[in-house]
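Here is the structure we will look at.
The values are calculated or read from the model by the stated rules, or taken from the named source; none is laboratory data. Here the structure is a predicted model, which is why all the values come from computation and not from measurement. Here the Cβ is made from the backbone with ideal geometry for all residues, glycine too, and neighbour counts use every protein chain on show. With ligands, DNA and RNA removed, areas are computed over all heavy atoms of the protein, side chains included. Shrake-Rupley method; radii C 1.70, N 1.55, O 1.52, S 1.80 Å.
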Amino acid sequence: MAKKNNAPSKFTSLAEGLKAFGGPPPLHPLITVLNGIDSNLGFTPPTESHVLSYYKISFRPNLGGSLRYGQTHFDFNEGGLFFAAPNQIVAQHENEPRESGCSGREAAILIHPDFLLNSPLALKIKKYEFSLIQ
(Lines give C-alpha, C1' and ligand atoms only; values in the text may rest on other atoms or scores of the structure.)
Protein backbone atom coordinates (compact mmCIF):
# COMPACT_ATOMS: atom_id res chain seq x y z
CA MET A 1 0.00 0.00 0.00
CA ALA A 2 1.40 3.41 -0.98
CA LYS A 3 1.87 5.91 1.81
CA LYS A 4 -0.15 9.10 1.37
CA ASN A 5 1.98 12.24 1.17
CA ASN A 6 0.62 14.68 3.75
CA ALA A 7 3.35 17.26 3.23
CA PRO A 8 1.92 20.76 2.93
CA SER A 9 2.25 22.72 -0.31
CA LYS A 10 4.87 25.47 -0.15
CA PHE A 11 4.48 28.83 -1.87
CA THR A 12 7.85 30.53 -2.31
CA SER A 13 6.65 33.88 -3.66
CA LEU A 14 3.66 36.20 -3.37
CA ALA A 15 2.83 35.54 -7.03
CA GLU A 16 2.88 31.76 -6.53
CA GLY A 17 0.65 31.93 -3.45
CA LEU A 18 -1.87 34.28 -5.05
CA LYS A 19 -2.03 32.20 -8.22
CA ALA A 20 -2.62 28.97 -6.26
CA PHE A 21 -5.75 30.45 -4.65
CA GLY A 22 -7.08 32.11 -7.81
CA GLY A 23 -5.87 35.61 -6.99
CA PRO A 24 -4.46 38.32 -9.23
CA PRO A 25 -0.70 38.69 -9.71
CA PRO A 26 0.84 41.19 -7.27
CA LEU A 27 1.74 44.66 -8.52
CA HIS A 28 5.01 44.41 -6.57
CA PRO A 29 6.91 41.13 -6.06
CA LEU A 30 7.63 41.78 -2.35
CA ILE A 31 4.47 43.39 -0.96
CA THR A 32 0.79 43.46 -1.83
CA VAL A 33 -2.41 44.70 -0.23
CA LEU A 34 -5.68 42.89 -0.92
CA ASN A 35 -9.11 44.42 -0.29
CA GLY A 36 -11.75 41.73 -0.25
CA ILE A 37 -13.98 43.65 2.15
CA ASP A 38 -15.40 46.11 -0.40
CA SER A 39 -15.60 43.48 -3.14
CA ASN A 40 -15.08 39.73 -2.92
CA LEU A 41 -11.71 38.69 -4.34
CA GLY A 42 -13.12 35.36 -5.47
CA PHE A 43 -10.25 33.28 -4.09
CA THR A 44 -10.67 29.54 -3.79
CA PRO A 45 -10.54 28.69 -0.06
CA PRO A 46 -7.56 26.48 0.78
CA THR A 47 -8.52 22.89 1.53
CA GLU A 48 -5.06 21.53 2.34
CA SER A 49 -2.35 22.66 4.69
CA HIS A 50 0.24 24.94 3.13
CA VAL A 51 3.36 26.93 3.98
CA LEU A 52 3.86 30.57 2.98
CA SER A 53 7.32 32.08 2.49
CA TYR A 54 6.02 35.51 3.46
CA TYR A 55 4.18 37.29 6.26
CA LYS A 56 0.42 37.49 6.07
CA ILE A 57 -1.66 39.86 8.16
CA SER A 58 -5.38 39.66 7.44
CA PHE A 59 -8.78 40.65 8.76
CA ARG A 60 -11.87 38.55 8.05
CA PRO A 61 -15.27 39.97 8.95
CA ASN A 62 -18.28 37.95 10.02
CA LEU A 63 -16.66 34.58 10.61
CA GLY A 64 -19.79 33.74 12.56
CA GLY A 65 -18.67 31.45 15.33
CA SER A 66 -15.80 30.16 17.34
CA LEU A 67 -12.58 28.76 15.97
CA ARG A 68 -10.16 26.47 17.72
CA TYR A 69 -6.52 27.39 18.20
CA GLY A 70 -4.66 24.65 20.02
CA GLN A 71 -7.02 23.35 22.72
CA THR A 72 -8.93 26.62 23.13
CA HIS A 73 -11.95 27.97 21.23
CA PHE A 74 -12.08 31.69 20.53
CA ASP A 75 -15.15 33.79 19.65
CA PHE A 76 -14.92 35.25 16.13
CA ASN A 77 -18.55 36.28 15.67
CA GLU A 78 -17.45 39.81 14.80
CA GLY A 79 -14.53 38.70 12.62
CA GLY A 80 -10.89 38.19 13.37
CA LEU A 81 -7.39 39.47 12.77
CA PHE A 82 -4.95 36.72 11.73
CA PHE A 83 -1.17 36.59 11.43
CA ALA A 84 1.17 34.11 9.76
CA ALA A 85 4.97 34.13 9.57
CA PRO A 86 7.16 32.70 6.82
CA ASN A 87 7.54 28.90 6.98
CA GLN A 88 4.57 28.47 9.32
CA ILE A 89 2.14 25.66 8.45
CA VAL A 90 -1.34 27.01 7.77
CA ALA A 91 -4.27 24.58 7.95
CA GLN A 92 -8.06 24.50 8.30
CA HIS A 93 -9.39 22.22 11.03
CA GLU A 94 -11.95 19.80 9.57
CA ASN A 95 -14.57 20.37 12.26
CA GLU A 96 -14.59 24.16 12.06
CA PRO A 97 -17.14 26.29 10.21
CA ARG A 98 -16.03 27.79 6.94
CA GLU A 99 -17.56 31.00 5.65
CA SER A 100 -18.48 30.57 2.00
CA GLY A 101 -15.60 32.04 0.00
CA CYS A 102 -13.85 33.14 3.20
CA SER A 103 -10.51 33.59 1.46
CA GLY A 104 -12.08 36.25 -0.75
CA ARG A 105 -13.77 38.09 2.12
CA GLU A 106 -10.70 39.51 3.78
CA ALA A 107 -8.37 42.45 3.78
CA ALA A 108 -4.77 41.30 3.79
CA ILE A 109 -1.20 42.53 3.58
CA LEU A 110 1.36 40.07 2.23
CA ILE A 111 5.01 40.96 2.84
CA HIS A 112 8.01 39.00 1.63
CA PRO A 113 10.86 39.06 4.21
CA ASP A 114 13.20 40.60 1.61
CA PHE A 115 11.00 43.72 1.64
CA LEU A 116 12.10 44.33 5.25
CA LEU A 117 15.86 43.83 4.72
CA ASN A 118 18.03 46.56 6.25
CA SER A 119 15.05 48.14 7.98
CA PRO A 120 14.66 48.67 11.73
CA LEU A 121 11.60 46.40 11.63
CA ALA A 122 13.70 43.52 10.24
CA LEU A 123 15.74 43.56 13.45
CA LYS A 124 12.67 43.64 15.72
CA ILE A 125 10.15 41.40 13.95
CA LYS A 126 11.32 38.22 15.70
CA LYS A 127 9.94 39.70 18.95
CA TYR A 128 6.41 39.60 17.57
CA GLU A 129 4.44 36.38 17.57
CA PHE A 130 2.63 35.37 14.42
CA SER A 131 0.00 32.67 14.43
CA LEU A 132 -2.83 31.94 12.06
CA ILE A 133 -6.19 30.35 12.46
CA GLN A 134 -7.57 29.41 9.11
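Per the listing LEU117, LEU110, the residue uniquely open to solvent by less than 30 Å² (accessible area, probe 1.4 Å) and either at pLDDT 75 or above or in contact with a helix residue (DSSP H, G or I) (Cβ under 6 Å, 6 or more places away or on another chain) (or both) is LEU110. Scanning the range 55-95 for residues that are open to solvent by 30 Å² or more (accessible area, probe 1.4 Å) and at pLDDT 80 or above returns ILE57, PHE59, LEU81, PHE83, PRO86, ASN87, GLN88.
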